[in-house]
Amino acid sequence: MNYSVVVPVYNGETTVKYLFERIKSFFSSNGYTYEVIFVYDCGEDNSWKILKEIKLENPENVTLIKLSRNFGQHNALICGFEYAKGEFIISMDEDLQHNPEDIIKLIDKQKESDYDVVYGKYIERKHSYFRNLTSSLMKKIIKIAIPDVDIDYSAFRLIKASVAKATIEMRNSYTFLDGYLSWITSNTSSCLVTHNQRQGGESSYSYKKLLTHSINVFFTFSDLPVRFLSKLSIVIICSMSFFAIYIIVRKFIFNDLAMGYPSLILLIGFGIGFMMLGIGIIGEYVYRISLKTTRRPNYKIDKVY
């Protein structure tokens with residue numbers, strides 16, 4: 001088997017059949033052996049019914065996996081990796097924002113230097129202006145927080161099967177596939193691909209979910225907040241020490257300073273604020289450590305066809 005295409009499906013009843021036909025057409029015309037693994041992530045429409053129809057019509061090249069509940073896109077992908085038989089695994093969205101015909105670009109790029117992971121970098125994102133702006137900003141922040149992650153990471157990926165399957169046993173308080181991949185390999189690259197308008201349904205990623213996702217990634221995969229707090233604490237302590245020396249010297253030399261109530265309140269307020277910030281950040285990490293120690297599964301499979 002040359003390639004396994006893993007597609008997480010949430011609300012894809014209007015797009016998933018046409019997506020499969022285009023994937024099938026691409027691989028047939030290029031002479032590669034392939035399989036398509038649909039992971040049904042318990043959405044709110046009739047996607048599962050459509051997937052079973054696709055399976056009945058294409059029994060040899062299609063695998064269906066139904067999860068017991070909604071586990072999220074990244075966990076659904078990792079579940080699909082477990083059943084993939086191909087030498088390379090390709091991940092795609094269900095909503096036709098990724099062109100199956102662009103898979104050849106990922107394949108060609110991978111062959112250039114035997115990359116472990118190749119990302120599809122969008123020529124132009126077909127989201128709203130505000131979402132494009134916030135996505136670009138969060139990518140830059142995540143790159144600072146997680147230097148090893150590829151700046152061009154996206155949901156359209158080609159991954160060596162050996163690399164993809166190494167993510168199956170990973171357990172963390174929050175699953176971020178591209179963070180996992182950055183832990184495994186730095187041999188990554190990207191190529192330009194087309195990004196289309198969503199062809200059906202509503203995106204499951206609201207702005208609130210995107211913000212929550214970014215916060216979870218930041219606290220789960222980066223030690224930047226703790227390191228920032230530690231260095232900031234040192235700066236504050238040093239600054240306060242120099243300020244105290246200044247006050248003492250000026251008191252002895254000029255004796256013209258009268259320490260007032262406002263300055264005292266400001267110092268106490270800043271002190272309490274930084275303490276609460278530190279406790280909050282530490283609390284985020286303690287919470288995630290607690291989740292990790294429970295060893296809850298990334299996913300639970302209900303049915304496999």
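Per-residue 3J(HN,Hα) values for the stretch 58-67, derived from phi via the Karplus relation 6.51 cos²θ - 1.76 cosθ + 1.60 with θ = phi - 60°, read 9, x, 7, 10, 10, 10, 10, 10, 10, 7 Hz in sequence order (x marks Gly and Pro).
Working from Cα positions, state the angle (0 to 90°, nearest 10) between the long axis of helix 103-113 and the longest principal axis of the chain. The angle comes out at about 70 degrees. Ranked for footprinting exposure by Cβ neighbours inside 10 Å, fewest first, 42, 238 give 238, 42. Rounded to the nearest whole Hz, the Karplus-based 3J(HN,Hα) values (6.51 cos²θ - 1.76 cosθ + 1.60, θ = phi - 60°) of the stretch 144-154 follow the sequence 5, 6, 10, x, 7, 6, 5, 4, 9, 4, 7, with x at glycine and proline. Per residue of the chain, the DSSP helices (runs of n ≥ 4 H) give a summed -39500 (n - 2.57) that works out to -17000 deg cm²/dmol at 222 nm. Residues whose amide H falls under 5 Å from that of residue 2, counting only those 5 or more places apart or on a different chain, are 33, 34, 87, with hydrogens built in the peptide plane.
Against the set (i) 14.3; (ii) 20.2; (iii) 16.1, the structure's computed mean projected area of the Cα convex hull in nm² falls on (ii). In this structure, the amide hydrogen of residue 95, modeled 1.01 Å from its nitrogen in the peptide plane, lies closer than 5 angstrom to no residue at least 5 positions away or on a different chain.
Bear in mind these aren't lab numbers, they're just calculated from the coordinates by the rules spelled out. No experiment lies behind these values; they were computed from the predicted model shown. Note: ideal-geometry Cβ built from the backbone for every residue, glycine included; neighbour counts use all protein chains shown.
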